[in-house]
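Student: Dropping the structure in here first, questions after.
The values are calculated or read from the model by the stated rules, or taken from the named source; none is laboratory data. The shown structure was predicted, so the numbers you read here are calculated from the model rather than taken from an experiment. A quick note on method: Cβ atoms are made from the backbone with ideal geometry, for glycine too, and the neighbour counts reach across all protein chains shown.
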């Protein structure tokens with residue numbers, strides 16, 4: 001008779017020092033080895049999809065921007081784009097470039113934030129502090145642009161609400177050059193430091209063959225060598241910027257870290273290029289009708305593909321807004337990455353997909369007004 | 001597959017398919033095979049129903065699969081194909097109260113509420129009834145030469161839709177009422193209702209659904225007239241089938257029939273007690289009415305060239321195999337020696353009652369021989385003996401028919417071959433005794449004569465029933481093979497352009513269902529020849545959702561319904577139809593025995 005094995009189940013999250021997001025993972029472990037993982041989500045539902053159906057479609061911009069704090073610019077852009085597709089609004093070219101610049105700025109600060117958290121998960125606290133200090137420069141740029149450190153809230157249907165003058169563009173150029181030197185200084189630590197290497201190389205393998213089937217998106221799938229980036233579809237002005245995605249073949253946490261690190265440089269390059277190519281012109285071309293029809297829109301957030309399904313019925317309220325943020329599809333790959341590793345690897349592997357639960361969970365079910 | 005061109009605005013190419021539950025999984029497997037990435041599920045509340053759209057990404061395009069789900073009916077989960085869909089499905093389950101069956105991880109509507117969750121482990125194959133991976137033709141449909149969609153019409157009958165079932169049969173074979181009586185039902189041999197070794201009586205179900213239609217008349221729409229003219233030579237099953245389908249496709253069809261009635265071998269060859277002639281007549285009339293076919297009875301076509309000159313764009317030759325083979329023995333021309341075709345024609349078509357005497361000998365072992373025997377019995381012969389040169393195992397007649405004949409008192413003598421007939425009253429039939437030797441080309445063991453061993457019997461009349469040959473009029477001017485049959489390609493084309501041929505005149509004597517198939521296929525070929533698209537190939541009706549029934553074991557154990565028949569004593573004395581067919585309740589019970597083996601889980 002075979003011996004009945006006893007497994008331990010321990011919860012990780014929803015509140016945990018190394019996990020900044022309200023996600024619970026229940027680990028089934030055989031001593032140190034992870035045998036199975038049961039994800040439990042549902043801690044931060046806010047009913048945003050429903051709220052989008054109840055509010056005026058123009059006010060929804062501010063709701064969708066609050067789906068995720070870090071990606072707020074991209075959520076706003078994506079929502080506005082979805083509405084523009086089913087109305088007669090036409091975005092002027094300059095607005096398209098501005099949207100790209102602010103989107104890339106958001107990616108920049110998100111990736112720097114993540115690199116800090118990742119360093120923290122590894123246990124490299126001074127690195128975490130350094131990066132977050134450098135990230136302040138970008139938040140400063142946010143403040144110079146719109147007066148807010150996180151929520152720019154500059155998107156509107158048909159264009160953008162504010163312009164950048166010569167002075168501000170020079171500020172951007174100066175500050176981003178500074179960011180580049182700071183990142184250059186930190187890069188060797190991520191690329192060569194033994195502590196980082198030990199904690200990341202060979203951890204959380206997501207084989208290229210399984211990545212698509214498990215539905216991974218964003219840097220998670222690009223770390224497995226698959227060229228999948230919604231910016232390749234050329235939305236907004238990306239089509240004019242010769243965009244080429246960053247991929248690494250390592251399939252592990254280290255490769256995913258490299259993807260994000262290289263994307264920091266890529267975002268800096270894209271912003272530079274956008275400044276060079278940005279034409280003069282109007283900022284806004286408003287729509288004259290109500291949204292009518294269905295639009296499916298996908299853009300690239302720092303964490304991967306965001307999916308919007310918007311259905312308008314010719315009134316000022318939308319029939320349906322469906323949002324799928326990038327962390328949901330990355331949960332099954334995360335589960336498959338974790339199995340077989342040891343408990344001490346959990347923080348790095350969990351962080352390697354860059355989970356963002358608050359944007360994952362938006363909806364709540366209100367039954368009879370309870 | 002309906003590819004709906006909906007106006008969807010998007011920054012990447014979008015294609016959306018509206019799918020039924022039946023075809024959903026086929027499509028999903030296709031997506032999986034093409035390495036499509038699952039994006040998410042969007043659900044829309046439409047009041048009565050919920051529209052569920054599965055989004056996938058393929059080559060930077062968004063592919064949507066849209067299905068409508070009833071609110072109270074669980075939707076099969078796709079997690080057996082895409083395990084990663086569990087989050088999205090649980091979300092829909094929570095928010096729209098739409099249940100998914102067979103989820104690999106089922107939060108039970110509590111993904112967003114955290115207390116008291118019982119959950120399973122992740123990324124494992126779904127438990128419980130797995131959704132189907134494949135749809136098949138079904139064994140019964142595969143066995144059928146015409147590929148009649150038997151699984152579908154059995155289900156339609158079980159749901160009380162007899163008229164729909166009748167239409168389903170006509171999609172592939174136009175004479176369901178006749179087939180329901182005379183078909184040798186290969187479908188039943190394929191039936192996998194095997195627990196009791198009692199297949200579903202598909203033939204009788206077909207008869208049941210046809211008999212529920214008064215005069216076999218349907219309300220159908222013929223395609224718009226094409227202005228092309230087609231002549232069909234021969235009004236047998238193959239000709240009727242071709243004429244019907246060509247007519248439905250919008251062609252102007254004229255059928256030339258040599259005798260005064262359509263039906264061909266079905267008319268003269270099949271006794272009245274199996275196929276009442278009024279049923280055959282009214283069903284053909286109904287089909288011709290639907291397809292607006294002109295019928296020219298009593299018109300013998302001797303040459304094809306004038307027809308082409310008359311303005312016909314194509315001709316279908318289906319003249320059948322009408323000439324009986326000769327025994328080629330001494331005394332064959334004596335008085336009292338009958339050709340089975342003559343006898344059957346006299347009795348079946350012209351309602352004559354020839355006097356055969358008391359003792360009747362039948363030579364041959366096919367269905368015609370059995371029919372002649374049963375007819376002879378009904379004509380008052382007291383002793384009917386069938387002489388066959390091989391054994392019962394090699395006999396080409398169907399087992400059902402043999403059983404019927406035995407019940408009615410026809411006796412059988414095996415391993416004897418006629419040697420000569422001595423004329424007189426009574427006739428003397430000298431028989432050579434045989435034994436079985438090596439198998440021949442047809443796979444049956446060849447009978448070998450035993451030297452010097454003969455038997456002589458005294459009979460009043462002798463019936464020749466050893467098969468029929470094709471005789472094509474010389475004026476046709478089309479290529480024939482060495483047996484005198486018409487040479488036709490796979491597309492039923494003869495060596496003359498615009499002339500097609502099929503049925504018994506090409507393939508030799510075959511069954512009714514095969515003749516109907518030839519007619520349909522030839523109609524398709526002719527339509528293509530005339531610039532049309534042809535008839536649709538037999539395909540699985542993906543729009544039909546068929547789950548496995550839940551009480552599978554119970555269904556597999558159900559016994560078949562014994563069809564009511566007139567008792568042998570009564571029926572041997574008259575020509576009334578032997579089988580009485582199913583009542584509504586019986587048909588319902590019999591059809592509910594199908595456990596849907598065409599639905600693979």
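Student: Residue B:503 passes all but one of (1) surrounded by fewer than 24 Cβ atoms within 10 Å (Cβ to Cβ); (2) not assigned by TED's automatic domain parsing to the domain that holds residue B:421; which number fails?
Tutor: Residue B:503 satisfies every listed condition except (1).
Student: While we're looking at this one, here's another question. Go through segment B:14-39 and give me each residue that's touching a helix residue (DSSP H, G or I) at 6+ places or on another chain (Cβ under 9 Å) and either closer than 18 Å to residue B:76 by Cβ or not in a strand (DSSP E or B) (or both).
Tutor: As a first pass, look at segment B:14-39 and keep what is touching a helix residue (DSSP H, G or I) at 6+ places or on another chain (Cβ under 9 Å): B:17, B:19, B:36-39.
Once the filter is applied, which keeps residues that are touching a helix residue (DSSP H, G or I) at 6+ places or on another chain (Cβ under 9 Å) and either closer than 18 Å to residue B:76 by Cβ or not in a strand (DSSP E or B) (or both), segment B:14-39 yields B:17, B:19, B:36, B:38.
Residue by residue, here is whether (1) buried (at least 16 other Cβ atoms within 10 Å of the Cβ); (2) out of contact with any strand residue (DSSP E or B) (no Cβ under 7 Å at 6 or more places or on another chain); (3) over 29 Å from residue B:572 (Cα atoms) holds:
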site: B:252; (1), (2), (3): yes, no, yes
site: B:263; (1), (2), (3): yes, yes, no
site: B:266; (1), (2), (3): yes, yes, no
site: B:280; (1), (2), (3): yes, yes, no
site: B:294; (1), (2), (3): no, no, yes
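Student: In this structure, is residue A:185 closer than 25 Å to residue A:146 by Cα and modelled with pLDDT of 90 or more?
Tutor: No: the conditions fail for residue A:185.
Student: Which condition number does residue B:352 fail, the rest of (1) surrounded by fewer than 18 Cβ atoms within 10 Å (Cβ to Cβ); (2) over 24 Å from residue B:570 (Cβ atoms) being met?
Tutor: If we test residue B:352 against (1) surrounded by fewer than 18 Cβ atoms within 10 Å (Cβ to Cβ); (2) over 24 Å from residue B:570 (Cβ atoms), just (2) comes out false.
Student: Only helices (runs of 4 or more DSSP H) wholly contained in segment B:214-303 count here; list those with 2 or more residues that are under 17 Å from residue B:525 (Cβ atoms).
Tutor: Ranges flagged: B:237-248.
Student: Scan segment B:17-35 and tell me whether some residue there is free of Cβ contacts under 8 Å to residues at least 12 places away in the same chain, more than 8 Å from chain A (Cβ to nearest Cβ) and either surrounded by fewer than 19 Cβ atoms within 10 Å (Cβ to Cβ) or closer than 18 Å to residue B:100 by Cβ (or both). Walk me through it before giving the result.
Tutor: Step one: filter segment B:17-35 for residues free of Cβ contacts under 8 Å to residues at least 12 places away in the same chain, giving B:30, B:33.
Pick out the ones that are also more than 8 Å from chain A (Cβ to nearest Cβ) and you get B:30, B:33.
Next, only the ones that are either surrounded by fewer than 19 Cβ atoms within 10 Å (Cβ to Cβ) or closer than 18 Å to residue B:100 by Cβ (or both) stay: B:30, B:33.
Yes, segment B:17-35 contains a residue that is free of Cβ contacts under 8 Å to residues at least 12 places away in the same chain, more than 8 Å from chain A (Cβ to nearest Cβ) and either surrounded by fewer than 19 Cβ atoms within 10 Å (Cβ to Cβ) or closer than 18 Å to residue B:100 by Cβ (or both).
Student: Condition first: closer than 28 Å to residue B:575 by Cα and modelled with pLDDT under 85. Now tell me which residues in segment B:409-455 satisfy that.
Tutor: B:426 - this is the single residue of segment B:409-455 that is closer than 28 Å to residue B:575 by Cα and modelled with pLDDT under 85.
Student: Looking at segment A:32-50 only, could you name the residues that are in a loop (DSSP other than H, G, I, E, B), more than 26 Å from residue A:139 (Cβ to Cβ) and within 12 Å of chain B (Cβ to nearest Cβ)? Full working, then the answer.
Tutor: Looking only at segment A:32-50, we keep the residues that are in a loop (DSSP other than H, G, I, E, B), and these are A:32, A:41-47.
If we keep only those that are more than 26 Å from residue A:139 (Cβ to Cβ) as well, we get A:32, A:41-43, A:45, A:47.
Across segment A:32-50, the qualifying residues are A:41, A:42, A:43, A:45, A:47.
Student: Could you please find all residues in segment B:477-493 being more than 19 Å from residue B:322 (Cβ to Cβ) and buried (at least 24 other Cβ atoms within 10 Å of the Cβ)?
Tutor: B:492
Student: Now, a different point. Answer yes or no as to whether residue B:368 is closer than 15 Å to residue B:402 by Cα, at pLDDT below 85 and part of a helix (DSSP H, G or I).
Tutor: Yes.
Student: Looking at segment A:98-147 only, could you name the residues that are more than 23 Å from residue A:191 (Cα to Cα), surrounded by 24 or more Cβ atoms within 10 Å (Cβ to Cβ) and out of contact with any helix residue (DSSP H, G or I) (no Cβ under 8 Å at 6 or more places or on another chain)?
Tutor: The one that is more than 23 Å from residue A:191 (Cα to Cα), surrounded by 24 or more Cβ atoms within 10 Å (Cβ to Cβ) and out of contact with any helix residue (DSSP H, G or I) (no Cβ under 8 Å at 6 or more places or on another chain): A:98.
Student: Then there's this: Working carefully through the options A:98, A:108, A:115, find the one that is farther than 30 Å from residue A:163 by Cβ, more than 13 Å from chain B (Cβ to nearest Cβ) and part of a helix (DSSP H, G or I).
Tutor: On inspection, the qualifying residue turns out to be A:115.
Student: Across segment A:288-304, what is the total count of residues that are within 13 Å of another protein chain (Cβ to nearest Cβ) and either crowded, with 23+ Cβ neighbours inside 10 Å or under 19 Å from residue A:96 (Cα atoms) (or both)?
Tutor: Total satisfying the criteria: 9.
Student: Has segment B:301-311 got at least one residue that is over 30 Å from residue B:432 (Cα atoms), crowded, with 17+ Cβ neighbours inside 10 Å and within 25 Å of the chain's Cα centre (by Cα)?
Tutor: No - not one qualifying residue is present in segment B:301-311.
Student: Would you be able to say whether some residue in segment A:345-360 is under 30 Å from residue B:46 (Cβ atoms) and more than 10 Å from chain B (Cβ to nearest Cβ)?
Tutor: yes
Student: Answer with yes or no whether residue A:187 is at negative phi and surrounded by 19 or more Cβ atoms within 10 Å (Cβ to Cβ).
Tutor: No, not satisfied.
Student: Which condition number in (1) over 18 Å from the mean Cα position of the chain (by Cα); (2) within 14 Å of chain B (Cβ to nearest Cβ); (3) in a helix (DSSP H, G or I); (4) surrounded by 20 or more Cβ atoms within 10 Å (Cβ to Cβ) is the one that residue A:53 fails?
Tutor: Just one mismatch for residue A:53, condition (4).
Student: Turning to a different aspect of this structure: Residue A:332 is checked against (1) under 21 Å from residue A:113 (Cβ atoms); (2) surrounded by 24 or more Cβ atoms within 10 Å (Cβ to Cβ); (3) in contact with a strand residue (DSSP E or B) (Cβ under 9 Å, 6 or more places away or on another chain); (4) at pLDDT below 90 and fails just one. What number does that condition carry?
Tutor: Unmet condition: (1).
Student: Related question: When the residues of segment B:36-57 are filtered to those that are exposed (fewer than 15 other Cβ atoms within 10 Å of the Cβ) and more than 41 Å from the chain's Cα centre (by Cα), which remaining residue is farthest from the other protein chains (Cβ to nearest Cβ)?
Tutor: B:47
Student: For segment A:74-95, what are the residues that are assigned to a helix (DSSP H, G or I), surrounded by fewer than 24 Cβ atoms within 10 Å (Cβ to Cβ) and away from chain B (no Cβ under 14 Å)?
Tutor: A:93, A:94
Student: Assuming residue B:73 fulfils every condition listed in (1) facing chain A (nearest Cβ under 10 Å); (2) out of contact with any helix residue (DSSP H, G or I) (no Cβ under 8 Å at 6 or more places or on another chain) apart from one, which condition is it?
Tutor: Here residue B:73 meets the rest and fails (1).
Student: Right, next: Among (1) more than 30 Å from residue A:164 (Cβ to Cβ); (2) modelled with pLDDT under 90, which single condition is residue A:359 missing?
Tutor: Here residue A:359 meets the rest and fails (1).
Student: Keeping to segment B:326-371, report how many residues are in contact with a strand residue (DSSP E or B) (Cβ under 6 Å, 6 or more places away or on another chain) and at positive phi.
Tutor: Residues flagged as in contact with a strand residue (DSSP E or B) (Cβ under 6 Å, 6 or more places away or on another chain) and at positive phi within segment B:326-371 amount to 3.
Student: OK, next. Would you mind finding the one in B:462, B:466, B:421, B:402 that is surrounded by 15 or more Cβ atoms within 10 Å (Cβ to Cβ), touching a residue at least 12 places away in the same chain (Cβ under 8 Å) and in a loop (DSSP other than H, G, I, E, B)?
Tutor: The match here is B:466.
Student: Just name the residue that is farthest from residue B:15 (Cα to Cα) out of those in segment B:76-88 that are buried (at least 24 other Cβ atoms within 10 Å of the Cβ) and more than 12 Å from chain A (Cβ to nearest Cβ).
Tutor: B:77
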